[in-house]
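Read the structure below first, then the notes.
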Amino acid sequence: MTKIYTDLNPTERVLLGPGPSMAAPRVIRTMATPPVGHLDPALLKIYAEEQELLRYVFNTKNEWTFALSGTGTSAMEAAMANLVEPGDAVLVAVIGYFGTRLAEIASRLGAEVDKIERPLGEIFTVEEIETALKAKSYKVFGFVHAETSTGAEQLHVGEIVKAAHEQGALVVMDTVTSLGSIPVLVDEWDIDITYSASQKSLSAPSGLAPITVSPRAQKIIQNRKRPVSSFYLDLNLYANYWMNHGYHHTASASMHYAFREALRIAYEEGMDARYARHRQNAELLWAGLEEIGAPPFIPAEYRLPPLTTAVVPDGVEPHVLRAKLLNEYNIEIAGGFGALADKVWRIGLMGYSSRRENITLLLAAMQELL
Ligand SMILES: *Cc1c(COP(=O)(O)O)cnc(C)c1O
């Protein structure tokens with residue numbers, strides 16, 4: 001008896017969840033290009049261009065700006081592993097699941113981690129963070145800019161970072177969902193390590209994690225007394241690979257083809273136009289959700305354009321509607337996280353997914369199912 005393995009043919013989906021977002025056809029096409037070696041001059045030229053384009057999307061001049069071979073979580077690990085040594089004090093401001101994950105990662109690295117938390121759906125004031133920072137001498141302060149589990153944007157970033165620096169802490173900011181859809185001003189805000197992922201608002205397949213390091217943090221990482229606990233995520237070795245072309249690991253040429261193309265699209269569109277498109281389309285979605293009785297959960301003041309949490313109407317079984325959207329309309333959205341599990345849906349409008357036609361389709365399908 002022989003088993004038949006059929007041709008690869010997954011159903012095409014409209015991806016409107018918390019990531020991955022859809023990749024533009026020209027991004028997908030690049031991945032059919034035959035891979036070259038990981039130190040081929042052609043790939044090294046692509047790396048150099050990717051660095052320029054990443055500096056453009058991050059709004060930074062940071063020398064250490066490149067993409068890690070891994071997903072967003074690998075960059076969370078890298079940020080903490082490179083700054084933290086066992087016993088260091090770390091403060092994490094938690095407004096949802098990914099803040100909790102950042103704290104967990106720091107704690108596994110042997111840091112002494114303190115968390116401050118807001119109820120799901122809320123954000124911090126500058127004063128709350130400043131007060132927590134003054135309680136102890138922290139080496140690192142970490143927070144999530146766009147909390148994908150709730151759809152909230154942590155505002156006042158510049159002031160928060162200033163307060164952290166005044167207390168002597170380095171700042172790690174997670175921009176996995178925000179980079180490419182809302183302003184991420186790394187130099188203006190003076191962030192020490194900022195990271196993201198290829199598959200959210202930058203709209204490439206998942207597999208790469210852009211990261212950028214301030215000159216201040218770079219110096220600290222270069223002068224560590226003990227080496228970074230992770231060989232794979234050591235940013236010194238990464239920098240040597242990207243800038244001096246010393247072998248570190250075999251990066252995927254296919255992934256870099258795709259990511260460079262996604263960044264090229266962002267550059268062609270222009271960041272300001274890109275932020276405006278994400279906001280305009282999100283506002284269209286928000287108005288439509290009000291109309292069908294599933295209004296946005298987060299107040300407009302700090303509601304995220306790339307990720308909307310919509311309140312599930314009374315009497316509606318959220319998982320049933322979600323399954324029907326997927327099975328009958330080929331549209332992916334997500335359920336809520338933790339305490340919000342049965343209360344909200346999570347709808348992503350990131351990168352190439354943020355298009356008017358997708359919103360019209362989703363709203364019509366939801367209305368029909370409701
Ligand atoms: C998705 C996400 C991550 C994790 O990224 P992966 O690519 O899934 O590893 C981290 N932080 C935030 C805010 C995210 O939305």
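The values are calculated or read from the model by the stated rules, or taken from the named source; none is laboratory data. Small disclaimer: the values here were computed from a predicted structure and weren't measured. When we count neighbours, we look across all protein chains shown, and the Cβ atoms used for this are built from the backbone with ideal geometry, even at glycine. The accessibility values were calculated without ligands, DNA or RNA, using every heavy atom of the protein model including side chains. Shrake-Rupley method; radii C 1.70, N 1.55, O 1.52, S 1.80 Å.
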Exercise. Out of all the residues in segment 20-53, which are crowded, with 18+ Cβ neighbours inside 10 Å and either polar (S, T, N, Q) or without any contact (Cβ under 8 Å) to a residue 40 or more places away in the chain (or both)?
Worked result: SER21, THR30, GLN51
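Quick grid of which residues meet (1) surrounded by 19 or more Cβ atoms within 10 Å (Cβ to Cβ); (2) in the same structural domain as ASP88 (by TED's automatic domain parsing); (3) within 16 Å of the ligand (Cβ to nearest atom):
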{"position": "SER196", "(1), (2), (3)": "yes, yes, yes"}
{"position": "LYS200", "(1), (2), (3)": "yes, yes, yes"}
{"position": "TYR232", "(1), (2), (3)": "no, yes, yes"}
{"position": "TYR238", "(1), (2), (3)": "yes, yes, no"}
Exercise. Within segment 162-172, is even one residue in contact (Cβ under 8 Å) with a residue 24 or more places away in the chain, closer than 22 Å to SER69 by Cα and in contact with a helix residue (DSSP H, G or I) (Cβ under 7 Å, 6 or more places away or on another chain)?
Worked result: yes
Problem set entry | Answer from GLU290, GLU357, GLU261, GLU301 - the residue that is in the same structural domain as TRP242 (by TED's automatic domain parsing), modelled with pLDDT of 95 or more and assigned to a helix (DSSP H, G or I) | GLU261
Problem set entry | All positions within segment 67-96 that are open to solvent by 10 Å² or more (accessible area, probe 1.4 Å), of a type outside the set (A, V, I, L, M) and more than 10 Å from the ligand (Cβ to nearest atom) | SER69, GLU85, PRO86, GLY87, ASP88
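Here is a list: LYS219, LYS225. Which entry is of a type in the set (D, E, K, R) and either assigned to a helix (DSSP H, G or I) or touching a strand residue (DSSP E or B) at 6+ places or on another chain (Cβ under 8 Å) (or both)? Please lay out each step first, then the result.
Values: LYS225 fails: either assigned to a helix (DSSP H, G or I) or touching a strand residue (DSSP E or B) at 6+ places or on another chain (Cβ under 8 Å) (or both).
Exactly one residue qualifies, and that residue is LYS219.
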Problem set entry | Residue list for segment 21-43, restricted to those being touching a Lys or Arg at 6+ places or on another chain (Cβ under 9 Å) and within 26 Å of ALA239 (Cβ to Cβ) | THR30
For this session: Identify all residues within segment 100-115 that are near the ligand (Cβ under 10 Å from one of its atoms) and buried (at least 24 other Cβ atoms within 10 Å of the Cβ); write none if there are none.
Result: LEU102
